[in-house]
Amino acid sequence: MSMRDIDWGDAPTWIAAVFAGGAAWFAGMTLRSQRRQLREQQQFIGEQAQNLRLERAALEAAAEERRTSQARRVIMRVRTGGSTPDGAGGIQGSDHWKVDVWNASDDPLRDVSVRFGDAYVATSAVELGSEDMPGGGRRPIPVEIVAPGREVRFESPRFSEATVHNSRPVVSFADADGRRWTLDEYGAFAPESN
């Protein structure tokens, strides 16, 4: 049998077969290209999502910084004072707290008070540096406003030495935005729980 004897079909069938093969090859290449583009887009979307998470974390940190900036600039100094008789003609330890609250921020503090333990509140408040003013600088408690750069001294009731030791002072105040905070003698501040 020779090549002449083989039925190669007609020209239109061959042309259609070539075009079909070309179309299949082109479709395969297009599908491959689209898969590559899809992978690249997924990678890009993943990178963008990570960037958005980082930006959100930075914005949240900046918002937290703004929210707490004034509270961090309130300074509390504590010491005990006085003494109590020991019943035998002698004197024993301290019998009350003196708490100085200094507003080192650029905005006023509002409704400032001091608690001692869970049961006691300050009995007096004096704005330091205002002792020569009428009333000797005494302020009602809670102190309505502590201006920037000003300091107020609060004193506790008189206690036994054990009660002084067990009734640690905590300052309560509102910042310029009206948020309530507490501050303890170690400088730890927190939003005030209601």
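The values are calculated or read from the model by the stated rules, or taken from the named source; none is laboratory data. On a predicted model such as this, the values are computed, not experimentally measured, just so you know. Cβ placement follows ideal geometry from the backbone for every residue including glycine, while neighbour counts extend to all protein chains displayed.
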Quiz item: Which is under 30 Å from the mean Cα position of the chain (by Cα), modelled with pLDDT of 85 or more and among the basic types (Lys, Arg), of ARG53, ARG35?
Solution: ARG53
Exercise. Restricting attention to region 143-194, report how many residues are assigned to a loop (DSSP other than H, G, I, E, B) and surrounded by fewer than 18 Cβ atoms within 10 Å (Cβ to Cβ).
Key: 18
Exercise. Answer yes or no as to whether VAL143 is modelled with pLDDT of 95 or more, closer than 15 Å to VAL121 by Cβ and in the same structural domain as SER94 (by TED's automatic domain parsing).
Key: no
Practice problem: Give me a count of the residues in region 118-162 that are of a type in the set (S, T, N, Q) and over 33 Å from the mean Cα position of the chain (by Cα). | Solution: 2
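Working only within region 59-93, note down all residues that are more than 22 Å from ASP177 (Cα to Cα) and either basic (Lys, Arg) or modelled with pLDDT of 90 or more (or both).
Listed by number, the residues that qualify are ARG77, VAL78, ARG79.
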Self-check item: Leading residue by the ranking (nearest to the chain's Cα centre (by Cα)) among those in region 1-30 that are part of a helix (DSSP H, G or I), at pLDDT 70 or above and exposed (fewer than 10 other Cβ atoms within 10 Å of the Cβ)
Solution: PRO12
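Taking region 131-156 on its own, how many of its residues are touching a helix residue (DSSP H, G or I) at 6+ places or on another chain (Cβ under 8 Å) and either touching a residue at least 12 places away in the same chain (Cβ under 8 Å) or basic (Lys, Arg) (or both)?
1
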